[in-house]
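Below: the structure, in C-alpha cells.
Please treat every number below as a calculation from the coordinates, not as lab data. Just so it is clear, the model here is predicted, and its values are computed rather than measured. Cβ coordinates were reconstructed from backbone atoms using ideal geometry, including for glycine residues, and neighbour counts include every protein chain displayed.
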C-alpha cells in the first residue's frame, strides 16, 4: 500500500498555516494548494483562508474559525491559536518543503501502482504502466499546471502542427490610448466590452504580447480559446501573415520564415491559462502561482467574463452571479497589485438603435460590472454595421475612467491579421509587426 503519511510534513503544514493566519496577505507569495496538506483539518483551514482572501475579507483566527463553524467543520479555536504559536517566519521555504513532500507522495503512489501491474500476469505491463503514470501525473498537476503554458511554447506547438512610460499604470502598448487613460492602473479593474466580432480578444492578445516584449509579466486566462488559438493570433499579427493562411497551412516559404522569426521573439513572461471551465477562484489560484514563479505580476487578462463558471450559484439570476464574479476579479486586482483587464459582452440593445455606438448601459447581464469597474472601454468598428464605412476604422470609447479622461481613441483594424494599430500608423501594418525575411 502507498505510505502517504510517511511523506507528510505536518510541522511544515502547521507552520505555514500559522504564518498565513498571522498575515493572510502572504498567501499571494505562497505557491501552495490544497494538495500540499495531508491533515484533513489543515486542508479545510487552508481552503477557508483562501476563500476569505478571495472575497476580500480579513482572514485571521477569528474569521477563519467563524467561517469553518458556518460550514460545519469542527476545528476548535484553540487549534487555530496553536497554529499561530507555531507560525513560520516566511511562507516561501515552508511551501517548498510541502511541495517536496507532495512530490514524494506522488512517486510513492506511482511505485505502488506499478508494483500492482507487475504482479498481474494478465495485463500488458508497458501499456498499463503508461496509463497509470499519465493518470497520476494528471492528478498531481490537477491545480491547472497542465493548462499553464508560456506563450513561446504555445506558439512553437502551433508552428509544429503546420509541419505535420510617463504614468504609474500598466501601459496598453497603444500610445494614443495610454495618453488618454494613463494606462491600466495597478490594483484596479478595467472592462473591455463590445458586441461579438468587434475584435476585443484580438486587442487583448495584442496588449499581452506588446507588454511582454517590454518585460512586463502577464497572465492571460482564456476559457474561450485554447493556448494554440491565442498563439496563432499573436503569430499572425507579429509576422504580418493572414490568420486564415496560418490556420489552413497555405503559407509561402517567406511567410514561414517570418512566423519562425516571430515565434523566436515572443516573450517568456506572458503565460496562458486555457482551462475550459474556469472560475474566479481558479484564476485567483493561477495568478498566485504565476506571481510566485515570475517574481511578480503586472497584468491579468480574463477573456472573457461570460465564459466563467460560478459553482456557487444557486437558483439565482445570472446577473447576480456576474456581479459576484466582477467583485472577485476586482479583489484579485487589489490583492495581486496587478492591473486586471476583463473582457465582456454587450447586450443587443445597441443593434436596435440607429446609432450603433455602444453605451455603458449596454453592458450585458449586470449593472454591477459598471459599478465595480474602475475603467470601462467599449470597442466599436463602424464597418461592422455599415458596408460603406472605412473597413480599417475602429474606435475605443473610454466610457468610464475613474482616474483618467473619458472620450474616444481612434484605432486602425487589420482584419486579415486580426490586429489593431494606433490611428497615426497610417495604412500599412506598423513596423513592429514586420519581422524576418520580406519585412
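Observations
- Computed over the alpha-carbon atoms, region 1-130 gives an Rg to Rh ratio of 1.12, Rh here being the Kirkwood radius from the mean inverse distance.
- Its Cα gyration tensor gives the chain an equivalent ellipsoid. The semi-axes, each the square root of 5 times an eigenvalue, are 41, 29, 19 Å from largest down.
- Residue exposure sequence - 10, 241, 44, 84 - by fewest surrounding Cβ within 10 Å: 10, 84, 44, 241
- Placing R0 at 25 angstrom, the Cβ-Cβ distance between residue 261 and residue 423 gives a FRET efficiency of 0.35 after rounding to 0.05.
- Prolate/oblate/rounded label for region 296-394 (Cα gyration tensor, a/c 1.5): oblate
- The spacing between region 209-267 and region 30-101, judged by their C-alpha centroids, is 41 Å.
- Take the Kirkwood radius over Cα pairs of region 180-295, plug it into Stokes-Einstein at 20 °C and 1.002 mPa s, and you get 137 µm²/s for translational diffusion.
- Residues 283, 149, 320, 369, sorted so that the one with the fewest Cβ neighbours within 10 Å comes first: 320, 149, 369, 283
- Going from the fewest other Cβ atoms within 10 Å to the most, the residues 344, 226 appear in the order 226, 344.
- Rg [Å, one decimal], Dmax [Å, integer] - region 54-118, C-alpha atoms: 17.7, 51
- Taking label positions 7 Å along the Cα-Cβ direction at both residue 179 and residue 352, the computed distance is 4.0 nm, reported to one decimal.
- Length-normalised contact order of region 260-417 in % [C-alpha pairs under 8 Å, at least 6 apart]: 16 percent
- Theoretical FRET efficiency, 1/(1+(r/R0)^6), r = Cβ-Cβ of residue 392 and residue 371, R0 35 Å, to 0.05: 0.50
- Fraction of beta bridges assigned by DSSP in region 263-402 that are antiparallel (%, nearest 5): 65 percent
- DSSP finds beta bridges in the chain, and of those with both partners inside it, around 50 percent are antiparallel.
- Cα-based shape type of region 274-316, given that a ≥ b ≥ c are square roots of the gyration tensor eigenvalues and the cut on a/c is 1.5: prolate
- In terms of its C-alpha gyration tensor, region 217-353 has an oblate overall shape, because the principal axis ratio a/c (a ≥ b ≥ c, square roots of the eigenvalues) is not below 1.5 and a/b does not outweigh b/c.
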